[in-house]
Amino acid sequence: MTAQTAAAHAQGHAHGHDAHDAHEHHHYTTTGLDNRKVAVWTFIGSECMLFASLISTYLIYKGKSVIGPFPHTEWTDPAGKVYKAILDIPVTSASTFVLLMSSFAMVLALQAVQLKGKPLAPTAGWWERLQRSSQFWLLATALLGTVFLGFQSYEFTSFVHEGLTIKTNLFGSTFFTLTGFHGAHVTVGVLWLMSLLWIDRSRGLAGKNDELLVDICALYWHFVDVVWIAIFTLIYLIK
Amino acid sequence: MATIAAPTHAGTAAASENTGIWSWISTVDHKRIGTMYLWTALFFFLVGGLEATLIRTQLMRPNMGFVSAETYNQLFTMHGTTMVFLAVMPLSAAFFNYLIPLQIGARDVAFPRLNAFSYWVYLLGGIFITVPILFQIAPDGGWFGYAPLTTTQFSAGPNIDFWVIGLQILGVSSLAAAFNFITTIINMRAPGMTLMRLPMFTWMSFVVQFLLVLAFPPITVALVFLLFDRFFGTTFYAIAAGADPLLWQHLFWVFGHPEVYILILPAFGLVSEVLPTFSKKPLFGYNVMVYSGIMIGFLGFGVWAHHMFAVGMGAIADSIFSTMTMLIAIPTGVKIFNWIATMWAGEIRFTVPMKFAIALIAMFTIGGISGVMHSSAPADLQQTDTYFVVAHFHYVLFGGSIMGIFAGIYHYYPKMTGRFMHEGLGNVHFWLNLIGMNLTFFPMHFSGLLGMPRRVYQYDAGQGWDTFNLMSTYGTYLLVVATAVFAWNFIRSRSTGAVAGNDPWGAATLEWSIPSPPPEYNFAQIPEVTSRYPLWDLKDPAKTAGIEHSHADAMTITDAHAVPVHEETERHTARELGIPMPFPTAKPLFTAVGMVVMFSGLTFLRYDMFAVAMTVTIGGAAMLIGGLYAWLTAPLE
Amino acid sequence: MSHDSHAGAHAAHAEHHHPTGNQYAVIALILTVITVVEVWAYYIPALVASPMFNPALIVMSAAKFAIVVLFYMHLKFDSRLFRVIFTGSLIVAMCTIVALLFLFHKLSL
């Protein structure tokens, strides 16, 4: 094989990698799947083990705290002061619902980006039209995520007022660390969504590459949601 | 370390424009990153070896006063930590980086900049965790840092802080690299390179990446708990608050046992490349080798509590973990038999890499057998925390991992540098290494069975341990000589070694079809693979006549511009060939520095220097975020 | 570029089966209903006292988990590779949790 034909071949391969389309270049991959999506799924697999370790520790230490306050039962300290059961199921049920709905908004945001450029029937109603607005759904997801974080900071603050901090007992240490780790994941997700929204507002999200950007963010977001589904049942509801 | 990683392009005209220090700092080329991993890890290997030499000097005779008890604690802690996290894992990573793209017919890894980031985080984390020993404040809680021993109640000094934060940093490096290599192996294979045609080193590396991805989170969590306990007063390991002293042990070994396979499987992969090459035969039982590797990976997650038989988990738990441990010996034994069968009736050439590979089979088998002895809980109760265990894991780690890695270094040195390592010196190194290793570690079986506990810094005479300890120490000195010979050979051969061509050993896989050292773009034309041994198909078809061939999988790919497997002898620049290459960039380094600064700010927290801690941490976080932003918004190529 | 043609071939197959916006809404409704049932059960002392309370909650939670993963994360429609990576990791994670709970006597046979 001479250098000339080699160069010609390589040139053929390179075409499409032109600089004018820097963020649109796609690499040939063996499976046809995008590298970033494969990496994100692998990352999610790793996160399964992270939360498995955190949840295991919470469950292992459940009922092992030598002093209160406790999650589901009252506690009277030696001085006679009564601490009520800490967990606030109504508030957490509301925040759980909010996070579930954020997943719904997220999946519609992805759908909206995927439907960009596809014709909309003139008879389409408000629901069909709304489904086309990626900005609306991205904003909705980010807002619902923020509301969830608001619930969590309310919860944390009121727990501290009721006498439970991360130092108080094993329940406090495991509870704040587990839910705090989850909250940190939600925070990263909200920032990620905001940056997508910013891109959408500045140049519009459309095309295969942008669909992928939203897709991997959505995968992360839904995963954070399913972790909460597990936490809500295992930590809040089971006594 | 980058500065000592001098470029080694012997006789390359094209690469001359890219050899300054800046080209190494900003490189995103997997081969250069692999080279930097290799030099850095070898440096840390010397550091860990020096620590071992000091340990053995202290134990040479009864009641020596060579080092203090405090220093001794730091030495054995840092010896273990350095060898596991800073030497053997990164030596494997050097091969992952250098070889995986070449073996699968790719031009780089899936995320070249993330790859550079992994290296820089490793380098900085390694410095962070190693430097304290110069000031006698190094970690001193053992390489598995059992809590509550490592909580502030029992370890008040800053020593453990460096360990907790340092391991956290190194974990980021390993995880980032693992996501990268999994994606690379799944997605960057040349047309026709199906999973069941992957070279065995790539296969074993693939398994290892999944082990990393699943094993590092538990230790991350255990370390976060310890960090919170030490810095923020949480109660995870506070026995007075009701904590269970076994929590750390379980979380650590959920990581720690897969970690053992993380250390050994890449070496298994390397010898699986070396043995067929120097036996001139395809690897015996390729499929079974793959399945046994996967099996080891899965079972590796189900045996962790055999490190804890002595804590009293109860008969049921002991029995289950005993059984699982005996089970995992099966796929491992299968590999050993397959290697022997590979050599059987082959045209064996006893080159230095081949000798190291054969030594792995022999030495690892000894370590494996003492390992199966531990799987029996009653026997293990006698052996736990004695030198018998030390003998066991040095036979698998030194006799296994290090032998395999040396086999890999001698085998791939010609590919990486274009020159052979000196065969005579290599032989001297091999024999000194083999004898030194056995002289060091074999007597430990006896001193251990006679009851000598691990981690003691002095022992009284008259317990029957004296001669064995003296032998172990002399063996260590022999290993020092062996390593010096190796270091001399490794450094000198870059300029004086005999020039090697594309394929100096007559090997079968794609990395040998391109010039040595490979050009920046690796393959001018991506080859279309039709069997497991593409180069033997080309040069010696008789050898692979019995192996399945097909074009079927390659045909589904239409636009890869692949050509049949061929040898590439001409060397060009990517620019001449019009191959788009990633831009060099220092943003990964900048981001890595930000992350390490952010973590290191935490060390100030325990001195009530809250303002300093916050300033450093927030400054580092700002660097990290700024670096990430610049990185993600800059085009790759 | 030429990539689009073959990526399209891969992706088109998958996109065909994606649920529509209305189906996503139905899924959201199902998730909500299960959550309501879970919380409702929490407030019925007779149910909480039943030995089936914890298993039932775990089953409902697992159902929600599976629905989100299969439909919102498109695992049901997407490449088999992603299913293998995720379920493999999840199995190792689940086994680790269960094993740890046994080892700490939180579960017994």
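The values are calculated or read from the model by the stated rules, or taken from the named source; none is laboratory data. The model shown is predicted, which means the values in this text are computed figures rather than measured ones. Cβ placement follows ideal geometry from the backbone for every residue including glycine, while neighbour counts extend to all protein chains displayed. Note: areas computed on protein heavy atoms with side chains; ligands, DNA, RNA excluded. Shrake-Rupley method; radii C 1.70, N 1.55, O 1.52, S 1.80 Å.
For the reader, a short list of remarks on this structure follows.
For every residue, the table says whether it meets (1) outside the structural domain of B:THR152 (by TED's automatic domain parsing); (2) surrounded by 19 or more Cβ atoms within 10 Å (Cβ to Cβ); (3) among the charged types (D, E, K, R).
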residue: B:ILE579; (1), (2), (3): no, yes, no
residue: B:MET598; (1), (2), (3): yes, yes, no
residue: B:GLY601; (1), (2), (3): yes, yes, no
residue: B:ARG606; (1), (2), (3): yes, no, yes
residue: B:VAL612; (1), (2), (3): yes, no, no
residue: B:THR615; (1), (2), (3): yes, no, no
residue: B:ALA621; (1), (2), (3): yes, no, no
residue: B:LEU624; (1), (2), (3): yes, yes, no
residue: B:GLY627; (1), (2), (3): yes, yes, no
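- Residue-level analysis places B:GLY501 among those that are without any contact (Cβ under 8 Å) to a residue 40 or more places away in the chain, open to solvent by less than 60 Å² (accessible area, probe 1.4 Å), under 30 Å from B:SER23 (Cα atoms) and away from chain A (no Cβ under 14 Å).
- Unmet requirement for A:TRP198, which otherwise passes all of (1) over 29 Å from B:VAL224 (Cβ atoms); (2) aromatic (Phe, Trp, Tyr); (3) facing chain C (nearest Cβ under 10 Å): (3)
- Cβ separations smaller than 6 Å between residues 6+ apart or across chains give the following pairs from segment A:29-49 residues that are more than 7 Å from every other protein chain (Cβ to nearest Cβ) to residues that are not basic (Lys, Arg): A:ASP34/A:LEU212; A:ARG36/A:ILE216; A:LYS37/A:ILE216; A:VAL40/A:ILE216; A:VAL40/A:LEU219.
- Residue in segment C:77-91 that is modelled with pLDDT under 95, in contact with a His (Cβ under 9 Å, 6 or more places away or on another chain) and more than 8 Å from every other protein chain (Cβ to nearest Cβ) present: yes
- Among the residues of segment B:588-609, the ones that are among the small types (Gly, Ala, Ser) and at pLDDT 95 or above come to 2 in all.
- Every pair of residues 6+ apart whose Cβ atoms lie under 6 Å, when the first sits in segment C:37-66 and is among the polar types (S, T, N, Q) while the second is modelled with pLDDT of 95 or more and assigned to a helix (DSSP H, G or I): C:SER61/A:ILE229; C:SER61/A:THR233
- Condition check for B:ILE320: without any contact (Cβ under 8 Å) to a residue 60 or more places away in the chain, closer than 27 Å to B:PHE76 by Cα and open to solvent by 60 Å² or more (accessible area, probe 1.4 Å): no
- In segment B:290-321, the residue that is farthest from B:VAL207 (Cα to Cα) out of those that are over 21 Å from the mean Cα position of the chain (by Cα) and more than 14 Å from every other protein chain (Cβ to nearest Cβ) is B:ALA310.
- Residue in segment B:14-23 that is at pLDDT 95 or above and among the aromatic types (Phe, Trp, Tyr) present: no
- Of all residues in segment C:52-76 being facing chain A (nearest Cβ under 9 Å) and not hydrophobic (A, V, I, L, M, F, W, C), the one that is surrounded by the fewest Cβ atoms within 10 Å (Cβ to Cβ): C:ASN54
Residue-wise test of (1) within 25 Å of A:TRP41 (Cα to Cα); (2) touching a Phe, Trp or Tyr at 6+ places or on another chain (Cβ under 8 Å); (3) of a type in the set (Asp, Glu).
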| residue | (1), (2), (3) |
| --- | --- |
| C:HIS18 | yes, yes, no |
| C:VAL33 | no, no, no |
| C:TRP40 | no, no, no |
| C:ALA49 | no, no, no |
| C:SER61 | yes, yes, no |
| C:PHE65 | yes, no, no |
| C:LEU70 | yes, no, no |
| C:LYS76 | yes, no, no |
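- Yes/no for A:LEU205 being at pLDDT below 95 and surrounded by 21 or more Cβ atoms within 10 Å (Cβ to Cβ): yes
- In segment B:97-117, the residues that are open to solvent by 10 Å² or more (accessible area, probe 1.4 Å), more than 13 Å from B:ILE514 (Cα to Cα) and not small (Gly, Ala, Ser): B:ASP108, B:PHE111, B:ARG113, B:LEU114, B:PHE117
- Within segment B:184-195, residues that are within 7 Å of chain A (Cβ to nearest Cβ) have Cβ atoms under 6 Å from residues that are assigned to a loop (DSSP other than H, G, I, E, B) and open to solvent by less than 10 Å² (accessible area, probe 1.4 Å) in these pairs: B:ASN187/A:THR29; B:MET188/B:ALA106, counting only partners at least 6 apart in sequence or on another chain.
- Those residues of segment C:78-96 which are farther than 18 Å from B:ALA215 by Cα and either under 14 Å from the mean Cα position of the chain (by Cα) or small (Gly, Ala, Ser) (or both), in sequence order: C:SER79, C:ARG83
- Scanning segment B:473-490 for residues that are open to solvent by less than 20 Å² (accessible area, probe 1.4 Å) and assigned to a loop (DSSP other than H, G, I, E, B) turns up nothing.
Every residue, every condition in (1) crowded, with 22+ Cβ neighbours inside 10 Å; (2) in contact with a His (Cβ under 9 Å, 6 or more places away or on another chain); (3) under 28 Å from B:SER513 (Cβ atoms); (4) touching a residue at least 12 places away in the same chain (Cβ under 8 Å), yes or no:
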| site | (1), (2), (3), (4) |
| --- | --- |
| B:ARG349 | no, no, yes, yes |
| B:LEU381 | no, no, no, yes |
| B:TYR387 | yes, yes, no, yes |
| B:ILE405 | yes, no, yes, yes |
| B:HIS422 | no, no, yes, yes |
| B:LEU432 | no, no, no, yes |
| B:SER447 | yes, no, no, yes |
| B:LEU450 | no, no, no, yes |
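- Test set (1) open to solvent by 10 Å² or more (accessible area, probe 1.4 Å); (2) touching a Gly at 6+ places or on another chain (Cβ under 9 Å); (3) more than 30 Å from B:ILE435 (Cα to Cα) - B:HIS307 fails condition number: (3)
- Per this entry, B:LEU175 is counted among residues that are within 19 Å of A:ALA39 (Cβ to Cβ) and either open to solvent by 10 Å² or more (accessible area, probe 1.4 Å) or part of a loop (DSSP other than H, G, I, E, B) (or both).
- Taking every residue in segment B:223-237 that is at the interface with chain A (Cβ under 7 Å from one of its Cβ atoms) and more than 16 Å from A:LEU50 (Cα to Cα) and pairing it with any residue that is open to solvent by 20 Å² or more (accessible area, probe 1.4 Å) and among the aromatic types (Phe, Trp, Tyr), at least 6 positions away or on another chain, the pairs with Cβ-Cβ distances below 6 Å are B:THR234/B:PHE228.
- Inside segment A:110-125, residues that are within 12 Å of another protein chain (Cβ to nearest Cβ) and either open to solvent by 80 Å² or more (accessible area, probe 1.4 Å) or among the charged types (D, E, K, R) (or both) make up a count of 1.
- Checking A:THR233, A:THR179 one by one, the residue that is under 26 Å from B:ALA621 (Cβ atoms), surrounded by 15 or more Cβ atoms within 10 Å (Cβ to Cβ) and β-branched (Val, Ile, Thr) is A:THR179 and no other.
- Taking segment A:76-129 as the range and being under 30 Å from C:VAL37 (Cα atoms) and of a type in the set (Ser, Thr, Tyr) as the test, the residues that pass are A:TYR83, A:THR92, A:SER93, A:SER95, A:THR96, A:SER102, A:SER103.
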